[in-house]
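The values are calculated or read from the model by the stated rules, or taken from the named source; none is laboratory data. Everything numeric in this text was worked out from a predicted model, so none of it was measured. Cβ: placed from backbone, ideal geometry, glycine included. Neighbour counts: every protein chain shown. Protein only, heavy atoms only, side chains kept; ligands, DNA and RNA dropped before computing areas. Shrake-Rupley method; radii C 1.70, N 1.55, O 1.52, S 1.80 Å.
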Amino acid sequence: MSDTSRRPRKPGKPYRRPQKDPVRVLAFEALRAVDERDAYANLVLPPLLRKAREKEGPEKFDGRDAALATELVYGTLRRQGTYDAVIAACVDRPLREVDPPVLDVLSLGAHQLLGTRIPPHAAVSATVELARVVLGDGRAKFVNAVLRKVAQHDLDGWMERVAPPYDEDPEDHLSVVHSHPRWVVSALWDSLGGGRDGIERLLAADNERPEVTLVARPGRATAEELLAEDAAVPGRWSPYAVRLTEGGEPGAVQAVREGRAGVQDEGSQLVALALANAPLEGPDERWLDGCAGPGGKAALLAALAAERGATLLASEKQIHRAGLVAKALHGNPGPYQVIAADGTRPPWRPGSFDRVLMDVPCTGLGALRRRPEARWRRRPEDLDGFAPLQRALLRTALESVRVGGVVGYATCSPLLPETRAVVADLVKQFPDAEMIDARPLLPGVPDLGEGPDIQLWPHLHGTDAMYLALIRRTA
């Protein structure tokens, strides 16, 4: 037998095995997936939580564990720019020289210190313990030293130290305080039309946790049925919308499990309703959703079409997304068809449809409450990359609708190069196309602007920043 166990220990504290905290380890794993694989938290987190709930023993999650893990992941991602500025002031090297896993742990710690009610000593202790588990003792000492500096001030105190004064550089000030890239602040400000109050409220709304909104698909479920669920309240604007408050779980709703209802932002519902309610000249029998994936708007449109005896064709270029559309439409009370097709090279004849929706690919900067990491991935040049496709798809839509029919051009982005600039260009190219005032089609919804198009906002409507322009073919 070896006698190594009899060797005297070195002076100092005895070694203690790090204590694994399943909640913080899971949050760290989610952040690494977002960073390493360009994954989205809303796709990564649910399966991690589901797996944690299925475990037995001390690592099994309950509802409070899941809520804390969700807050740690989304809060860290939403405030990443702010926390980067704080951490940069507490380290002796550029942040790009800090290993990404270490930076993720530091950001998790910064969020607990500056963005939650967790006591500072507990936030530092728990994060250092996480660092010991996932990084090792050596780097845990670095994490400890940095977080002790972060803990010296609260969030307001840090903003006074790291954010430039508003009067000297408004965009950079807002970028740091509200955790948006500077170019995004500038682009959103342009879309709002100026003024400090509006942009501050919008940026703050982007950092709020959105409620889960359900849609009762007509002919299959009713809002009244969904309102019978715990913590369910009516939507603000859509007659089919129901909001789940207090962290309600959509998977626990029977109608959602059966596909009779779905998860759909109220702004998305309003876009579909406005197109469905737009006045037509002539028959109302064939509808097209030309960019149908993943299927939320298509499912609502198909149900509304069924009520009128109309048929929806849902087209989606990517085969796997077309599969999601088919799943969303399964059980629709009326006829429909789902195809995989390139909307810029459509297989249908021109003038085939009475109503056409083109919810085009875009930067997605209208949904930052739900996908906070998108703000850090997008670049200004992405606008130029999307522009040709957006114009080509709107051209297809205008060619696909019959004379007297209506096209809806929609984006989940409020940026002017993706919204009004695209519509203005195409309307100029089609002298037989005219804009329709979409505002009367959303009765009761305030603050819709001067028209004729519609821009929804998180801070004004509690929705994603959806854009919609309605265009009629006149000849």
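Assorted remarks:
- Some residue of region 200-212 being in contact with a Ser or Thr (Cβ under 9 Å, 6 or more places away or on another chain), open to solvent by 50 Å² or more (accessible area, probe 1.4 Å) and of a type outside the set (Gly, Ala, Ser): yes
- Failed condition for PRO333, given (1) open to solvent by 50 Å² or more (accessible area, probe 1.4 Å); (2) in contact with a helix residue (DSSP H, G or I) (Cβ under 7 Å, 6 or more places away or on another chain); (3) more than 23 Å from ALA255 (Cα to Cα); (4) not acidic (Asp, Glu): (3)
- Leading residue by the ranking (nearest to HIS461 (Cα to Cα)) among those in region 361-386 that are touching an Asp or Glu at 6+ places or on another chain (Cβ under 8 Å) and of a type in the set (A, V, I, L, M): ALA367
- Residue in region 53-72 that is surrounded by the fewest Cβ atoms within 10 Å (Cβ to Cβ), counting only those that are assigned to a helix (DSSP H, G or I) and in contact with a helix residue (DSSP H, G or I) (Cβ under 6 Å, 6 or more places away or on another chain): GLU59
- Test result for VAL401, crowded, with 20+ Cβ neighbours inside 10 Å and over 20 Å from MET466 (Cα atoms): yes
- Boolean, ALA205 is closer than 17 Å to LEU415 by Cα and touching a His at 6+ places or on another chain (Cβ under 7 Å): yes
- Test for VAL162: is it open to solvent by 30 Å² or more (accessible area, probe 1.4 Å), within 30 Å of GLY109 (Cα to Cα) and modelled with pLDDT of 95 or more: yes
- Check on ARG391, of a type outside the set (Gly, Ala, Ser) and at pLDDT 95 or above: yes
- Qualifying positions in region 449-475 - outside any strand (DSSP E or B), buried (at least 22 other Cβ atoms within 10 Å of the Cβ) and not charged (D, E, K, R): LEU456, TRP457, PRO458, HIS461, THR463, ALA465, MET466
- Selection status of LEU26, open to solvent by less than 60 Å² (accessible area, probe 1.4 Å) and touching a residue at least 40 places away in the same chain (Cβ under 8 Å): yes
- Any chance ASP437 is of a type in the set (Asp, Glu) and in contact with a Pro (Cβ under 7 Å, 6 or more places away or on another chain): yes
- Residue match in region 45-58 (condition: small (Gly, Ala, Ser), modelled with pLDDT under 95 and farther than 19 Å from LYS141 by Cβ): yes
- Qualifying residue in region 347-369 (condition: of a type in the set (Lys, Arg), closer than 22 Å to PRO431 by Cα and modelled with pLDDT of 95 or more): yes
- Residues of region 109-125 satisfying the condition of being touching a residue at least 40 places away in the same chain (Cβ under 8 Å) and surrounded by fewer than 18 Cβ atoms within 10 Å (Cβ to Cβ): THR116
- Residue in region 314-321 that is open to solvent by 10 Å² or more (accessible area, probe 1.4 Å), of a type in the set (A, V, I, L, M) and under 22 Å from the mean Cα position of the chain (by Cα) present: no
- Residue in region 338-349 that is open to solvent by less than 50 Å² (accessible area, probe 1.4 Å), assigned to a helix (DSSP H, G or I) and either within 30 Å of THR222 (Cβ to Cβ) or of a type in the set (Asp, Glu) (or both) present: no
- Taking (1) open to solvent by 60 Å² or more (accessible area, probe 1.4 Å); (2) of a type outside the set (A, V, I, L, M); (3) in a loop (DSSP other than H, G, I, E, B) in turn, HIS153 satisfies each apart from (1).
- Extreme residue, least open to solvent (accessible area, probe 1.4 Å), among residues of region 364-398 that are over 22 Å from the mean Cα position of the chain (by Cα) and charged (D, E, K, R): ARG391
- Taking (1) assigned to a helix (DSSP H, G or I); (2) in contact with an Asp or Glu (Cβ under 7 Å, 6 or more places away or on another chain); (3) closer than 16 Å to ALA410 by Cβ; (4) of a type in the set (A, V, I, L, M) in turn, ALA314 satisfies each apart from (1).
- Search result, residues across region 88-108 that are open to solvent by less than 40 Å² (accessible area, probe 1.4 Å), in contact (Cβ under 8 Å) with a residue 60 or more places away in the chain and assigned to a helix (DSSP H, G or I): PRO101, ASP104, VAL105, SER107, LEU108
- Test: residue in region 128-144 that is under 29 Å from HIS459 (Cα atoms), assigned to a loop (DSSP other than H, G, I, E, B) and either touching a residue at least 12 places away in the same chain (Cβ under 8 Å) or in contact with a helix residue (DSSP H, G or I) (Cβ under 8 Å, 6 or more places away or on another chain) (or both): no
- Only one of the listed residues (PRO414, PRO431) is farther than 18 Å from LEU275 by Cβ and open to solvent by less than 50 Å² (accessible area, probe 1.4 Å). That residue is PRO414.
- Within region 221-257, if we keep just the residues that are touching a residue at least 40 places away in the same chain (Cβ under 8 Å) and surrounded by fewer than 19 Cβ atoms within 10 Å (Cβ to Cβ), the residue that is farthest from GLU71 (Cα to Cα) turns out to be ARG236.
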